[in-house]
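Have a look at the structure below, then the notes.
The values are calculated or read from the model by the stated rules, or taken from the named source; none is laboratory data. Given the structure is predicted, the values throughout are model-derived calculations rather than measurements. In this analysis, Cβ positions are derived from the backbone assuming ideal geometry, glycine residues included, and neighbour counts consider all displayed protein chains.
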Amino acid sequence: MLIEKKPAICGICPGGCAVEVTLEGGRLVKVEPRRGAPYANLCVRGRYAPEIVYSPHRLKTPLIRTGERGEGKFRAASWDEALDLAVQKMQEIKEKYGPQAMLSHSGRGAFEQSMVDFCNAGDFVANKLLLPFGSPNIASTGSLCFVSYGILAPMANFGLPGTWLNPDLENSNLIIVWGTNPVTDSPPVFFKRIARAQKNKTRVIAVDQMRCDIARRANQWVGVRPGTDGALILGLINVVINEKLYDWEFVDNWTLGFSELSDYVREFTPEKVESITRVPAETITALAREIAQTEGVSLRTYTGLEYTNSGVQNIRALYILWALTGNLDVPGGLGITPLPRRPSQKKFEAPAGVLPIGAEKYPLFYELTGCAHYLEFPRAVLEGKPYPVRGLIINGSSTLTSYPQPKIFEEAYRSLEFMLVIDIVMTRDALFADIVLPSATYYEIDSYQRYPDYVRLRKRVIEPVGQSKNCVMIMAELANRLGYGHLYAQSEKEVIENAFAGNPGLLEALQNSPDGVKLPPAEHCYKKYETGMLRKDCRPGFPTPSGKLEITSSLMARHGYDALPVYSEPVEGPLQNPDLYGEFPLIMNTGARIQSTFRSQHLNVPGLLKLQDKPYVLINPADAAERGIMDGDRVAVSTRRGSVCFYARVTEDVLPGQVEVNMGGGNPTQAEAWRRANVNELTDFENRDPVSGFPVFKALLCQVKKAGEEDSSAKN
Ligand SMILES: Nc1nc2c(c(=O)[nH]1)N[C@H]1C(S)=C(S)[C@@H](COP(=O)(O)OP(=O)(O)OC[C@H]3O[C@@H](n4cnc5c(=O)[nH]c(N)nc54)[C@H](O)[C@@H]3O)O[C@H]1N2
Ligand SMILES: Nc1nc2c(c(=O)[nH]1)N[C@H]1C(S)=C(S)[C@@H](COP(=O)(O)OP(=O)(O)OC[C@H]3O[C@@H](n4cnc5c(=O)[nH]c(N)nc54)[C@H](O)[C@@H]3O)O[C@H]1N2
Ligand code: SF4
Ligand SMILES: [Mo]
């Protein structure tokens, strides 16, 4: 049998690690890191790529539903039949209710780069297929991921997207990792850089609700009560202002609202903040001094702060702390790195005269993303508010495991007139669909991959499994049949040519360079706000209405939110809700990443299941002992919303009084224990951050008990 080894890009997630693949008779049998190549990483999921791409659960043909919604009865169909039916249904909905009655939702399976560039017009928030159809209702996992930290908070402060804020780790004297675990980044670039800095004796502090991988490796772990980072940050600002440790020159010249902030943080004394956050007052004072007095302190943060009632405001406060302490865009600090806009094939205009659902309830989210808010989807379907939505396309997302209280979404799915799911496996969402289309994985497509300083072509490694197709091409085909195929590239070759249309020489160079081409380094300089590099008009300052870093944000105020980065207590928490806390005395955090899974994915891959075969609830030994719970016991985790069985992992990695519950379970093809454990049956559909509309996934109340006989029928 022909054995072939060649360089490739890993095709399991959008991380795009450089790997070397071994093929036997055209079949992928092994994946290894491509030593020496840039971005040569291989996470444990990538290692099991052969099991993932040839999983018996892969969808092989288009399917058309024959049973009731949710029942899982389908028949195989041809691509033509399935696509014709899809387009016919979409047109029917358009005629009956208007084009806005169709909505699309894309997720973590659909963030491969050509998909992002060509269907999302270079903006990774949502797939824009429905805009030319006439519907503004394009939604994505941006309704519960990234937008809060990556768009709303930094735009309100600086007028800049979060992707421009990057830690200058190599020049730092202190690295703070706050609410993120870079070990799970894909690819784990920050992790490698932090580890290297640590080898060079840079101190690392992790602020995290649990002792996650990075906290374990850090020089100091600051354990915080979930959802209370806002108070902790305001406490640090209180110390910095009281002890006059801030950068007065920066404050004078470049900020708006400092005196209001000084007044506001007065109440956040270290002692008071200790009572809120469970972080000792002396730790707060010492941390504030260390951040303010160290030259060059960098910050890496991500999702840990997004899922509480004042998530956007807390992230704003964190960035403000960095600026006040003189750590913004200075050597070793939180750098501002302008990113070139990705070239896009087309600009898709939103239809005039109709706003997407959620635009009125979450106006800042709408203004900055232009997207529908998916948390408002059930209301639109079930109550016709603000207008009826009757049809849905889901691409690369498992919404019934990702969104809170899936039963509410299931009810909405049951009453739809049309639902299309595009995925690589049968998800729970797909059980409700009229049509299910099989997508190829990224191992099966031609595309390209951009990194901050590199670009590389992605060459198809294996033929598409079964009749599956690149989902970019599925979108293009749908557009074609809807009468606007000319707006989309109709082949992978065209997709790639369009991506490099502005630079054909680069494309030619890429064709001959399996390890990619290094991009010319961007001009490097600090304090760009002083030199006019951040504003379109080239004047000094930030691209905000005032030209300043807006501590009192005019953008927030314009939409009726507090202009200051105010803290609010978790609505379902021990201080706000003492009665409920009596009944549910543990603070529940959910969804910290596990290396062997990717949200709901890979929970049926034998090699990866060996690393963790069951969903855990991590519980402190003191809390476990009080409940007679031993490591490995089957336990029922309950909240006001329901009860779900998990397995106890008794560990000092979580603080007493808090638990961390694994996320991802609930899909029909997963291993039994995972399939039965959908953590989002415990989270709350209504409890959201009012600015982002993000669900409060990480600051809720629960009880944990040994599972009894009555729990054996735990929901699936
Ligand atoms: N309680 C709680 N809930 C959470 C979170 C939490 O921390 N706690 N985290 C939230 C976050 S951050 C996110 S992003 C969401 C997860 O958002 P989702 O988008 O639902 O993420 P996944 O579960 O990874 O689902 C991705 C789907 O894409 C499919 N897929 C993989 N590759 C391809 C492909 O090439 N094409 C297509 N079409 N499909 C593909 C996979 O099979 C899978 O079904 O969950 C959120 N939900
Ligand atoms: N292997 C793997 N990699 C993934 C994913 C996956 O599922 N698996 N998911 C991908 C997705 S969808 C995303 S969005 C990114 C997210 O990337 P990250 O944000 O790095 O996600 P996590 O690794 O969960 O790290 C979040 C950290 O925040 C902590 N945390 C939770 N609540 C709080 C809080 O209230 N305060 C503080 N200070 N900390 C808190 C958690 O304990 C956890 O250690 O990762 C991506 N990468
Ligand atoms: S991070 Fe993603 S792209 Fe990189 S090896 Fe892991 S699965 Fe593959
Ligand atoms: Mo995410």
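Summary of values
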| read-out | value |
| --- | --- |
| Candidate set from segment 166-216 (those that are among the small types (Gly, Ala, Ser) and in contact with a helix residue (DSSP H, G or I) (Cβ under 8 Å, 6 or more places away or on another chain)); member that is nearest to Phe598 (Cα to Cα) | Gly179 |
| Enumeration of residues in segment 661-716 that are part of a loop (DSSP other than H, G, I, E, B), within 13 Å of ligand 1 (Cβ to nearest atom) and within 19 Å of Val605 (Cα to Cα) | Asn662, Met663, Gly664, Gly665, Gly666, Asn667, Pro668, Thr669, Gln670, Ala677, Asn678 |
| Failed condition for Gly358, given (1) under 30 Å from Thr683 (Cα atoms); (2) within 16 Å of ligand 2 (Cβ to nearest atom) | (2) |
| Spans of strands (runs of 3 or more DSSP E) in segment 357-464 with at least 1 residues within 30 Å of Ala8 (Cβ to Cβ), modelled with pLDDT under 95 and in contact with a helix residue (DSSP H, G or I) (Cβ under 9 Å, 6 or more places away or on another chain) | 447-450, 454-458 |
| Residue within segment 645-656 that is without any contact (Cβ under 8 Å) to a residue 12 or more places away in the chain and not charged (D, E, K, R) present | no |
| Of residues in segment 6-39 being in a loop (DSSP other than H, G, I, E, B) and more than 18 Å from Glu112 (Cα to Cα), the one farthest from the chain's Cα centre (by Cα) | Gly25 |
| Single residue of Ser398, Ser439 found to be within 11 Å of ligand 1 (Cβ to nearest atom), out of contact with any His (no Cβ under 7 Å at 6 or more places or on another chain) and closer than 25 Å to Gly642 by Cβ | Ser398 |
| Any chance Lys528 is of a type in the set (D, E, K, R), within 30 Å of the chain's Cα centre (by Cα) and at pLDDT below 95 | no |
| Pick from segment 98-111, criterion within 12 Å of ligand 1 (Cβ to nearest atom) and surrounded by fewer than 24 Cβ atoms within 10 Å (Cβ to Cβ), ranking: nearest to Gln449 (Cα to Cα) | Phe111 |
| Neighbours by Cβ (under 7 Å, 6+ apart or cross-chain): first from segment 142-162, of a type in the set (Ser, Thr, Tyr); second more than 14 Å from ligand 2 (Cβ to nearest atom) | Ser143/His373; Ser143/Tyr374; Ser143/Leu375; Ser143/Gly693 |
| Restricting segment 280-298 to residues that are farther than 14 Å from Ile237 by Cβ and crowded, with 24+ Cβ neighbours inside 10 Å, the residue that is farthest from ligand 4 (Cβ to nearest atom) | Val297 |
| For Asp623: the one exception among (1) assigned to a loop (DSSP other than H, G, I, E, B); (2) touching a residue at least 60 places away in the same chain (Cβ under 8 Å); (3) over 19 Å from Tyr48 (Cβ atoms); (4) of a type outside the set (Ser, Thr, Tyr) | (1) |
| Val116 vs. criteria within 18 Å of Arg688 (Cβ to Cβ), within 16 Å of ligand 2 (Cβ to nearest atom) and in contact (Cβ under 8 Å) with a residue 60 or more places away in the chain | no |
| Residue check for Arg196: modelled with pLDDT of 95 or more, surrounded by fewer than 20 Cβ atoms within 10 Å (Cβ to Cβ) and either within 16 Å of ligand 4 (Cβ to nearest atom) or farther than 25 Å from Ala557 by Cβ (or both) | yes |
| Enumeration of residues in segment 575-634 that are farther than 21 Å from Thr651 by Cα, within 16 Å of ligand 3 (Cβ to nearest atom) and among the hydrophobic types (A, V, I, L, M, F, W, C) | Phe598, Leu603, Val605, Leu608 |
| Residue selected from segment 465-498 under the condition in contact with a strand residue (DSSP E or B) (Cβ under 7 Å, 6 or more places away or on another chain) and farther than 24 Å from Gly15 by Cα, by the criterion nearest to ligand 3 (Cβ to nearest atom) | Gly466 |
| Within segment 86-134, considering residues that are basic (Lys, Arg) and under 20 Å from Ala430 (Cβ atoms), the one modelled with the lowest pLDDT | Arg108 |
| Meets criteria (in contact with a strand residue (DSSP E or B) (Cβ under 6 Å, 6 or more places away or on another chain) and at pLDDT 95 or above) for Trp254 | yes |
| Every residue from segment 471-509 that is touching a helix residue (DSSP H, G or I) at 6+ places or on another chain (Cβ under 9 Å) and over 22 Å from Pro132 (Cβ atoms) | Ile496, Phe500, Pro504, Leu507 |
| Gly483 vs. criteria buried (at least 23 other Cβ atoms within 10 Å of the Cβ) and farther than 24 Å from Arg599 by Cβ | no |
| Condition check for Glu569: surrounded by fewer than 18 Cβ atoms within 10 Å (Cβ to Cβ) and either in contact (Cβ under 8 Å) with a residue 60 or more places away in the chain or acidic (Asp, Glu) (or both) | no |
| Neighbours by Cβ (under 7 Å, 6+ apart or cross-chain): first from segment 579-598, over 15 Å from Leu618 (Cα atoms); second of a type in the set (Gly, Ala, Ser) and crowded, with 22+ Cβ neighbours inside 10 Å | Thr597/Gly664 |
| Residue tally, condition assigned to a loop (DSSP other than H, G, I, E, B) and free of Cβ contacts under 8 Å to residues at least 40 places away in the same chain, over segment 40-65 | 3 |
